[in-house]
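**Q** The structure that follows is given in the form of structure tokens.
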Amino acid sequence: MKRVRKKSTALFCLILSYTLSSVAEPQKAAIASAHPLATEAGFEILAHGGNAFDAAVAVSAALAVVEPASSGLGGGGFWLLHRAKDGFEVVLDGREKAPLAANAAMYLDEQGNVIPDLSKNGALAAGIPGMPAAIVHLAAKYGRLPLSQSLQPALRYAHNGFAIGARYQRLLQSRLQVVAQNSEAARIFLDNANVPASGFLLKQPDLAHTLEKLAESGAAGFYQGEVAKKLVSGVQAAGGIWTLQDLARYQVVERQPISGNYRGIKITSVPSPSSGGIVLLETLTILAGYELEKLTPTTQIHLITEAMRRAYHDRAFYLGDSDFVKIPVKRLLSADYAAGLRSTIRMDKALPSAALRGELTADTPGTDTTHFSIIDSVGNRVAATLSVNFPFGSGVVVKGTGVILNDEMDDFVSNVGQMNGYGLVGSAANAIAPEKRMLSSMTPTFVEDKTRVGILGTPGGSRIISMVLLGILDFAKHHSPQSWVAVPRFHHQYLPDVIEHEAGCFSPETLQVLTALGHQFKQTDTPYGDMQAIELNKQTGQLSAASDPRGEGLADVR
Ligand code: GLY
């Protein structure tokens, strides 16, 4: 009898876990990216027999060509992968590294003050790129097609050109002075020293040549030989500190994704050196103690803000590259720690950030970076967020390569306690050191409940994490991806002590109630973010994909 009960219990558990984990094959594929040509590049590679990982190579490379403001071979990113056949999940960390000659004081003057813009504009702002190594690795280890095939759409776009649109114009306008200072960047991206008119055909033959080298020789085509020599001499001539050794030593790292639960939803995201997964999960763990849906919308905003404030506070004080510093991840994400933080949240009053620690105020700039989401017909998934940091990175293109250098060095803390370009403060955990990866906010994420799988992410600097959070809270309401990407956005990052929000995000009554609780507000000049999302119905295999209405992307199911 006992044996029978044991057997039937085991069978029940097996059936239950099968029901929870079983996912119908989608049969079709979905791609959502920030540019129609990048989405088309992904579908083209799927049509040639590639899987989601080959498509991700094609989309990454295509975005490097058609969205030069946002990502590129001179930048880096994080690719979160799910392999359908065995459920294996991994993060490819292609984050940039500080050059070997970098040091903690490299952006300070003799008095120890940060030299304005030195970590944002010009070659000294550039970390050692990770994107080329990551896409080579992605193709070789997870793809089915040769890299030379997956890079074909990007090569075509770079050779033949593409018509620039309003987003390109807007982002270029925001960095016009910086781009204009570099003759090579100005030659490629401007039209007679001006922002080109809409429809201007942007051709990038030098970038095509660099892509060809990558296609021919893999990582060595970028990190060694002709391209590497051009990059190093170009960087050094422009005041940077890269060496051939820096490039030769760059390695992509496979990291275990970070995961947690929010009221029956499994969240899988990226670990350090991105703060994205940790801050996202810490915020959600605090919020899991409330039944948000039973509270008024205003109370929900108050609690979400207070949770963000506390998690971004921990970001500032604990987070950096975990290969260099010990991060108390387990503690930060524990239910007990969240309960402790929750006990400091009052329903009738906002906690001034200064009461947590620090007294700075700062401003935050707009959007940059890019994100895409992919699922193929058998259920392989990719969520990838890629960046050159500020629009058009450091504003420097190395002659003969077409490669825009990133300015990710600004994501380090140049001076402990002083804010970076996103108004973020930080501790010694994120101080500059040779070969260290700078702390990121990129948050490519999977969410999953009993009936649905979601794939999402967005650009937007420090606001990336709060945008993904709001998208997940919308997923929790069983809304569609079209709703996750459109949800009105607000953000609190501990310092500055304000709720940043899009126009129209709050009604006058809501603002009044929240102001009475002690919150302060700053409306952003423009809407922000460019979320790309996909949902799979686990029971039917049906797919739905959405591209942020604020951007110019294309999401499709084919
Ligand atoms: N460069 C933006 C980020 O990594 O968060």
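**Q** I'd like to verify a number: residues in segment 291-327 that are at pLDDT below 95 and among the acidic types (Asp, Glu), how many?
**A** Residues meeting the conditions: 1.
**Q** Considering only residues that are away from the ligand (no atom under 16 Å from the Cβ) and either open to solvent by 20 Å² or more (accessible area, probe 1.4 Å) or not β-branched (Val, Ile, Thr) (or both), which ones fall in segment 259-285?
**A** Scanning segment 259-285 gives 259, 260, 261, 262, 263, 264, 266, 281, 282, 284, 285.
**Q** When you check residue 220 against the structure, is it farther than 25 Å from residue 38 by Cβ, open to solvent by 60 Å² or more (accessible area, probe 1.4 Å) and of a type in the set (A, V, I, L, M), yes or no?
**A** no
**Q** Kindly indicate whether residue 321 is within 16 Å of the ligand (Cβ to nearest atom) and under 22 Å from residue 489 (Cβ atoms).
**A** For residue 321, the condition - within 16 Å of the ligand (Cβ to nearest atom) and under 22 Å from residue 489 (Cβ atoms) - is not met.
**Q** Could you tell me whether segment 328-351 includes any residue that is of a type outside the set (Asp, Glu), more than 28 Å from residue 474 (Cβ to Cβ) and at pLDDT below 95?
**A** Among the residues of segment 328-351, not one is of a type outside the set (Asp, Glu), more than 28 Å from residue 474 (Cβ to Cβ) and at pLDDT below 95, which makes the answer no.
**Q** Would you be able to say whether some residue in segment 426-436 is open to solvent by 20 Å² or more (accessible area, probe 1.4 Å), among the acidic types (Asp, Glu) and more than 13 Å from the ligand (Cβ to nearest atom)?
**A** yes
**Q** Just to be sure, is residue 81 surrounded by 24 or more Cβ atoms within 10 Å (Cβ to Cβ), in contact with a strand residue (DSSP E or B) (Cβ under 6 Å, 6 or more places away or on another chain) and outside any strand (DSSP E or B)?
**A** No: the conditions fail for residue 81.
**Q** Same structure, new question: Under 9 Å by Cβ, and 6 or more places apart or on different chains, what pairs join a residue from segment 234-246 that is within 17 Å of residue 435 (Cα to Cα) with one that is open to solvent by 50 Å² or more (accessible area, probe 1.4 Å) and in a helix (DSSP H, G or I)?
**A** As it stands, the answer is 242/236; 243/236; 244/229, since those pairs meet every condition given.
**Q** Quick one: would you say residue 370 is at pLDDT below 95, within 16 Å of the ligand (Cβ to nearest atom) and on the phi < 0 side of the Ramachandran plot?
**A** On the way: at pLDDT below 95: no; within 16 Å of the ligand (Cβ to nearest atom): yes; on the phi < 0 side of the Ramachandran plot: yes.
No.
**Q** Evaluate segment 243-255: report whether one residue or more is away from the ligand (no atom under 16 Å from the Cβ) and assigned to a strand (DSSP E or B).
**A** Yes, segment 243-255 contains at least one residue that is away from the ligand (no atom under 16 Å from the Cβ) and assigned to a strand (DSSP E or B).
**Q** Of these, 454, 460, which one is farther than 17 Å from residue 283 by Cα and either free of Cβ contacts under 8 Å to residues at least 60 places away in the same chain or within 10 Å of the ligand (Cβ to nearest atom) (or both)?
**A** Working: 454 fails: either free of Cβ contacts under 8 Å to residues at least 60 places away in the same chain or within 10 Å of the ligand (Cβ to nearest atom) (or both).
None of the others qualify; the one that does is 460.
**Q** Taking the condition within 13 Å of the ligand (Cβ to nearest atom), modelled with pLDDT under 95, in a loop (DSSP other than H, G, I, E, B) and under 21 Å from the mean Cα position of the chain (by Cα), does residue 391 pass?
**A** Taking the combined requirement at face value, the residue does not satisfy it.
The values are calculated or read from the model by the stated rules, or taken from the named source; none is laboratory data. Only a predicted model underlies this, so the values are computations on that prediction, with no experimental measurement involved. Counting neighbours? That spans all protein chains shown, and the Cβs are built from the backbone with ideal geometry, glycine included. Ligands, DNA and RNA are excluded from the accessible area calculation, which covers all protein heavy atoms including side chains. Shrake-Rupley method; radii C 1.70, N 1.55, O 1.52, S 1.80 Å.
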